[in-house]
Each structure stands twice: as structure tokens, then as C-alpha cells.
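One structure below.
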Amino acid sequence: MSSTICVETNLLQIETGEWGLQGKAKKKMRGGTVLTRNVAVCHILYDTDQRCESCLGSYEKLYRCSSCHVIQYCGRNCQKRDFRQHRLECKVISDEPLYKDSTLEVKHEIRLLLRFLAVSNFLQRKDKNLCCWSSGNNGVNAVVCGVDHLNTMAKVPTSTFQMSTLVKEIVMKWVSSVSSFRLNEILRTFQANNFGILDVLHNTIGQGVYPHAAILNHSCDPNCILRFTNSDIEIVALRDIAKGEQLTHSYIDLVKDTITRQQHLSTLHGFVCSCKRCRGEIKINLPLRPSDDLYQWVLSDRNPLIEKSRKKKLYSTKEDIVLLDIDQAMFDYGGRQLTSSMVKEGRELLYKAKVYMMENKTEAEKQSLRTAIKIFENGPHFSLDLYEARCLYLSALLLSGEECAARHQCLAIVAFLLVVLPPNHPLIGLQLYTLADLTADVSTYWWSRNLLRISHGDKHDLVRTLDEQMNIS
């Protein structure tokens, strides 16, 4: 059944389904196609010292708000654009002692609540009830959501949510017109619908309210991804999509195993996922007998630029291959099951390494990580603990200029991502770029470029840099 609660696009059809609103593809489309764009109702940055609060750009020189001296902008235009959202929070940041003594998590929740209340009150006063098309950032058309859509967004069950007493006390003190029930409803809506705002390297730098984009349901095997342009959000096809196919993206970190993902979804969103990955229906090829060149084998097997005839040389018969689902690869493939004491020791070393990193004790950090990796290497070859240790070690090696050791860690990291993530996931493209720089391999550069064109777009600086490196006009 079609819905009129929000604006459709020439590619996105909005329907009412089993779980409320959902999006479907109006026509067949290729991976990398932008399906829709949504202006944030409101947003916040987690680190107010690094970026402009309005456009989210990173600049050498930023100008602090003259009242609260916390929020920063790149210039006068951005400050004016953000004034409607910032006006109320500015007073709280400046004058509320309870806010100043709060944890970062509580401050973020209060700021987003105050910004949401300020914008929704403005929309109500101006009778902006319906969603519409408007000029978003950089003059690109985007959907701007109205009050009717804000009031009908899905909410997490009351059983999975509890409002902070401190948040309630501070917000109700400064917004006398809002009731405790209304605050509870807004926060339940936030938990069900809000998006983490990602930077170019897919690090979470903030949080925003995007009702139009929130129409898409979750899948651990998504066909769409999120792309942020300034504070606008774009929904992008991760792969080729058929006409009539339901459009989905992931609400959670896909490198986690099924049990962890399910627990996260149940706790924060109030549902249990039943996608193909969660049902164990996504199968992957791996060598029956892992060898020292396992990670290179995975890259060669997954590389779409390598011809099938060349891939056949990776194994002589079908009996050389084992077909596993992703969880089996993470928990059971290669090595042996580590004892709880070994896992505990390895994780303690990871914690120590992070402490050493904060203290700039580079050699101690690397030694802890090397030891942790040796412990985890005794277990499954694609375990999450081993992946996390390698990521930390790779960062330390790159900072130290140890390219040879970094090359091996990066290769293993890419192999892990190729096993657990959808084929065109942006994390794969970004790590392939790093691997290409370390190996100077042309095929890897091409592979990285093809993936980043989907996830970041043809005009992104990363893609343009790759084009220049490869002399592509």
C-alpha cells in the first residue's frame, strides 16, 4: 500500500509494510546510483573543536559562538544557517550548571533534543506540515521533512527504552512547554530512527534526524549505503537493484557476528533481524586447508578484475574448497578455539595498547599489539578479536613508517572485510586504497577506485586522487 506521509522520488517508492513505512525501487538501477537526498531536521557534532557545526566541514580556522564559546563555525553564513537550531542550546550550554557537569553522552542527547524542539516548534508556527522538495546544501534538491512526518516516525518499544532523569530535568527546565511524555516520545523516536553522521573514512562524527532516509528498513545484507554531503544524507545503491526490490541499509556495524548484531538490534531498535545473513544463507568460498598465503588467496578469489580462468588456478578441484556461512568463517575456520583465559589476556593487551597510544609510548603499544596478535592467531583466522588487533597495529606501523610490516597487516585486514562484508562496502574500498599505496599494485588501485566510486561518488576527492594517480581523464 502506497503512503503519502513523505515525498517519493523517481527511484524511491514509499509503501506501508509489515514494519511501517518502507522503500522500494521504482526501477532497475546500478550500484552507485543516488536514490534520494534528505536535509537533516537537526544534527549535532560530537567533537565541536574540529568542524563547522553547520556544514560539518573541517577547516584550519573556525570561529566560536560569541555566547556559548563552544560551538564553532567556518563563517558567518554557516552561523546564520544554524542559528535556528543553536539558539536554545546556546543558553543551556552557557548558563546551565548541570549541563556543564554532565557526561559527553548526556550532553549530546540534550543538545540534539533542544535542537529538535527548536526546529519542530518553528515548523509548527510556520504551518510546515508536509514534506517537500527544496534546495539543500550546495543547491542540490533534497527532501525537507515536515511536522506530520516527524510526528508519525516509528518508535522503539517502551520496554527497551528508559529516559535519563538528568536529561529530563535539564530540558524541562529550559523548555517549560514540553511534557515528560513528549520528551519520552521524542527520545524513543531518536533511538529508532537517528543516523550516525560519517566522515570520509566512515568514522562517526555526529548524529542527525533524517525522517525521509529513515523510511528504509534494516538488513545485515543491505542493498544501500549512506553518504553524507555536508549535513545532508544521501541513500546510495550499494549494488545493482531490481525494480520492486525493497531498499535496505544497515543500522549497525556489519563486522560483528550474528548474535552480537541481534542483541544490538533487539536492545536499541526493538526487533530481531531475519535477513539472509542472519539466517546463514550467505555462503563464501575458502580453501579447505588454509596455508600461509590464505589472505592473498582471499583477495585473488574476490577480485572482480581477475579473470575466472586465472582464479581457477587457485584450486585444482572443487574438493579444495569449503563453503561456509560468515559466522562459521569467523568462529570455526582455521586454528583452534581459544580458551577464555587466552581471549582475556589478548583483550587486556589491546586495552594496554590503547593506553600506551594515549601516552605516546609507541614501542610499548606495538609490543602489546604484536603479543595480542600472536595469541589471537592461534584461533580462527577471521575472528573479530584478531581483526581489531590488526587494525590497531596497522595504524601504529603506518605512523612509525614501517611499511613492510604494515603491508602484511593491511592484507589480512582486507581479507577479513572481504569475508564478512557485502562486496562493495566502503570499508573494503578504503582499506584497498591503503593496501594499494603499500604495494603499488595497479590492480588493487583499480579495484579500490571502482568501489569508492560507488560509496563516495565520482566527484569525491579520494576518487579524483585515484584518477590522477592512474592518469584517468
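The set of residues from region 256-270 being in contact (Cβ under 8 Å) with a residue 60 or more places away in the chain and touching a Cys at 6+ places or on another chain (Cβ under 7 Å) comprises just one member, 258. Hey, can you tell me all the residues within region 36-50 that are assigned to a loop (DSSP other than H, G, I, E, B) and open to solvent by less than 50 Å² (accessible area, probe 1.4 Å)? Selection gives 39, 40, 41, 48. Kindly evaluate residue 225 against the criterion of being at pLDDT 90 or above, surrounded by 16 or more Cβ atoms within 10 Å (Cβ to Cβ), part of a strand (DSSP E or B) and touching a Pro at 6+ places or on another chain (Cβ under 9 Å). When the stated conditions are applied, residue 225 passes them. Among the residues of region 88-113, those identified as part of a helix (DSSP H, G or I), over 18 Å from residue 208 (Cβ atoms) and not hydrophobic (A, V, I, L, M, F, W, C) are 91, 94, 95, 97, 99, 100. When region 328-346 is filtered for residues that are in contact with a helix residue (DSSP H, G or I) (Cβ under 7 Å, 6 or more places away or on another chain) and either free of Cβ contacts under 8 Å to residues at least 40 places away in the same chain or charged (D, E, K, R) (or both), the ones remaining, listed by number, are 342, 345. Condition (residue is within 21 Å of the chain's Cα centre (by Cα), under 23 Å from residue 431 (Cβ atoms) and either in a loop (DSSP other than H, G, I, E, B) or small (Gly, Ala, Ser) (or both)) applied to region 186-199: is it met by at least one residue? Yes, region 186-199 contains at least one residue that is within 21 Å of the chain's Cα centre (by Cα), under 23 Å from residue 431 (Cβ atoms) and either in a loop (DSSP other than H, G, I, E, B) or small (Gly, Ala, Ser) (or both).
Apart from one condition, residue 255 fits all of (1) modelled with pLDDT under 95; (2) within 14 Å of residue 422 (Cα to Cα); the exception is (1).
Among the residues of region 339-388, those that are of a type in the set (Val, Ile, Thr) and either surrounded by 15 or more Cβ atoms within 10 Å (Cβ to Cβ) or over 25 Å from residue 399 (Cα atoms) (or both) comprise 339, 343, 371, 373, 375. Screening region 51-68 for residues that are open to solvent by 20 Å² or more (accessible area, probe 1.4 Å) and touching a residue at least 24 places away in the same chain (Cβ under 8 Å) and picking the one that is nearest to residue 203 (Cα to Cα) gives 51. Only one entry of 399, 421, 438, 430 meets the criterion of being out of contact with any Phe, Trp or Tyr (no Cβ under 9 Å at 6 or more places or on another chain), open to solvent by 60 Å² or more (accessible area, probe 1.4 Å) and not acidic (Asp, Glu), and that entry is 399.
Counted as qualifying within region 356-466 are the helices (runs of 4 or more DSSP H) with 1 or more residues that are of a type in the set (Val, Ile, Thr) and more than 29 Å from residue 337 (Cα to Cα), namely 362-376, 426-439, 442-455.
The values are calculated or read from the model by the stated rules, or taken from the named source; none is laboratory data. The structure displayed is predicted, hence computed values, not measured ones. In this analysis, Cβ positions are derived from the backbone assuming ideal geometry, glycine residues included, and neighbour counts consider all displayed protein chains. Surface accessibility is based on the protein's heavy atoms, side chains included, excluding ligands, DNA and RNA. Shrake-Rupley method; radii C 1.70, N 1.55, O 1.52, S 1.80 Å.
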